[in-house]
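The values are calculated or read from the model by the stated rules, or taken from the named source; none is laboratory data. This one's a predicted model, so the numbers in the text were calculated from it and none came from an experiment. Here Cβ is always computed from backbone atoms with ideal geometry, including for glycine, and neighbour counts include all displayed protein chains. Remember, those area values only see protein heavy atoms, side chains included, never the ligands or the DNA or RNA. Shrake-Rupley method; radii C 1.70, N 1.55, O 1.52, S 1.80 Å.
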Amino acid sequence: MTLCWWFLLVAFIPMTSGTNPGVKVKLTEKGLEYGRQLGMVSIQQKLKSIKVPDFSGSQTVSPIGNVKYSFMCIVSVGLPQSAVNLVQGTGMRLSVSNAFISLRGNWKVKYLHIIKDSGSFDLKVKGLTIGTSIAIKSDETGRPAVSNVNCGATVSSASVKFHGGASWLYNLFRKFIDKALRSAMQKQVRGNWLYAHFLAKVDQYAEIEYSMVSSPIVSNSSIDFSLKGEFYNIGKHQEPPFSPSAFTLPSQINNMLYIGMSAFTANSAAFVYNKAGALHLFVTDDMIPQSSPIRLNTRTFGAFIPQIAKRFPGLMMKLLVQTVKPPVTTFEPNNLTVQASSTVTAYAIQPNTTLSPLFVLNLETSVSAQVFVRGMRLAGAVTLNKMTLTLGTSYVGEFQVRSLDSILQLVLKVVVIPRLNVQLAKGYPLPALGKMKLVNTQLEVLKDYMLIGTDVQFTG
């Protein structure tokens, strides 16, 4: 885990300017504190793995003459004090103070081409201070980049105790130790520019993009990110004929992270799935519960439309339910509804399996949706509020459409909606990084968006 894992969470490329976000993310001081704790573990692991460069060379030492030396070190570390602070308008500052490092290694010398000597040593570094500023900038292509800048490390004191050698070795190597150690530490702690892109595949039809649409806003208590939050057909990014509306996250700070997902994100998903032709379903009789007296055959429908029984006696039927335009999702306080315009086309199945069209109904439905977080995905389930049927086309003459209300109610409630809920239960990916887990999660539906407040844990 790097020091800037929170920034990587939302530093996605490329950046689109001049657009309202579909998703907003707020990182609070509580989240930053958790990031600090992870950062300290990361730094300690990095420092423990530092290989201080081999000190080797030669030095004229009177009265012995030319002395050659080399040794290698093994590192253990303690980081007793650290702090993380927001830098308004820029990013954050991470500092470590009063750290200490204990090293053990070996040395050897050879002089006068005759005498060889070697031994071990203990090195204690005290008063180690590390400071790094983390900022998000745009590079020359307009992409946001996360960087560790102004990274520095200083050592207040270093003491060496040699075993098996002479005391003059301390003075010989002291001036090299501070410089080499500082250089090695800065190289390990300082990171290069880091980029992350989040275009998450949802299924065979859709992917969702969480690119940044504007630079983050850093205040004294939080960092706010504006993300695109838009669904696209896989491999074909076509913008929908609507745009996200502006919305503002509330000033809550109890959780580490807040994610606001607007109606635009949900409606862009509907646009994508409708365009892909995924919002359709053939309903056959074997999908109807065996206990139901209503069957998909010309006998049942003939009881309401006599012409069907006369012209197509004793045949099974099939219904095609499909949307004619993208469903529209609306967020109101504690209420999420979806309006869908569809058609229902009825067919008689001939003995040779060809389909004979009987009629086309226009179907307007309203469903209520419950949304919930499952793992790192946003899932849901819908229930039918109301439906309205009108006749589109009839191939069997005039009939009373309202007589079919009970049949269509059954089809929707026991076939269409349960299958839709199976897909919704699979969920859609939330912005995430690595092995991230959401805990203590609450979800609230507000005006024009839903708000997820959550804490975060990393499992590896």
Handout entry: Residue check, MET376 closer than 28 Å to THR459 by Cβ and either open to solvent by less than 20 Å² (accessible area, probe 1.4 Å) or in contact with a Lys or Arg (Cβ under 7 Å, 6 or more places away or on another chain) (or both)
Key = no
Exercise for the section: Give the range 227-245 a look and list any residue that's surrounded by fewer than 21 Cβ atoms within 10 Å (Cβ to Cβ) and in contact with a Ser or Thr (Cβ under 8 Å, 6 or more places away or on another chain), or say none. Expected result: PRO240, SER243, SER245
Fill in the blank from the handout: Here the residues within the range 95-142 that are in a strand (DSSP E or B), under 30 Å from LEU32 (Cβ atoms) and modelled with pLDDT under 70 are ILE136, LYS137, SER138
Exercise for the section: Report the residue count in the range 287-301 for those that are closer than 30 Å to ALA269 by Cα and either open to solvent by 40 Å² or more (accessible area, probe 1.4 Å) or over 43 Å from the mean Cα position of the chain (by Cα) (or both). Expected result: 1
Practice task
Might you let me know whether the range 307-324 holds any residue that is more than 30 Å from ASP203 (Cβ to Cβ), surrounded by 13 or more Cβ atoms within 10 Å (Cβ to Cβ) and of a type outside the set (A, V, I, L, M, F, W, C)?
Solution key: yes
Fill in the blank from the handout: Inside the range 339-373, the number of residues satisfying the requirement of being under 18 Å from ALA270 (Cα atoms) and open to solvent by 30 Å² or more (accessible area, probe 1.4 Å) is 5
Practice task
Could you figure out which of (1) surrounded by fewer than 21 Cβ atoms within 10 Å (Cβ to Cβ); (2) at negative phi; (3) free of Cβ contacts under 8 Å to residues at least 60 places away in the same chain isn't true of GLY277?
Solution key: (2)
Problem - Breaking point among (1) outside any loop (DSSP other than H, G, I, E, B); (2) under 30 Å from PRO357 (Cβ atoms), for ASP224 - result: (2)
Problem - Some residue of the range 396-418 being assigned to a strand (DSSP E or B), in the same structural domain as GLU230 (by the TED database) and either open to solvent by less than 40 Å² (accessible area, probe 1.4 Å) or touching a strand residue (DSSP E or B) at 6+ places or on another chain (Cβ under 8 Å) (or both) - result: no
Exercise for the section: Quickly run through the range 262-290 and pick out the residues that are touching a Ser or Thr at 6+ places or on another chain (Cβ under 7 Å) and in a loop (DSSP other than H, G, I, E, B). Expected result: LEU279
Problem - Selected residue [among the acidic types (Asp, Glu) and farther than 19 Å from ASN421 by Cα] from GLU332, GLU364 - result: GLU332
Practice task
Can you run down the residue pairs with Cβ atoms below 8 Å, 6 or more apart or on separate chains, where the first is in the range 298-310 and farther than 16 Å from TYR347 by Cβ and assigned by the TED database to the domain that holds SER356 and the partner is at pLDDT below 95 and loosely packed, with under 15 Cβ neighbours inside 10 Å?
Solution key: PHE304/GLN400; PHE304/SER403
Exercise for the section: Scan ILE208, ILE253, ILE259, ILE223 and give me the residue that is open to solvent by 70 Å² or more (accessible area, probe 1.4 Å), touching a residue at least 40 places away in the same chain (Cβ under 8 Å) and either among the hydrophobic types (A, V, I, L, M, F, W, C) or in contact with a Ser or Thr (Cβ under 7 Å, 6 or more places away or on another chain) (or both). Expected result: ILE253
Problem - GLN457, sole failed condition from (1) closer than 24 Å to ALA266 by Cβ; (2) within 22 Å of the chain's Cα centre (by Cα) - result: (1)
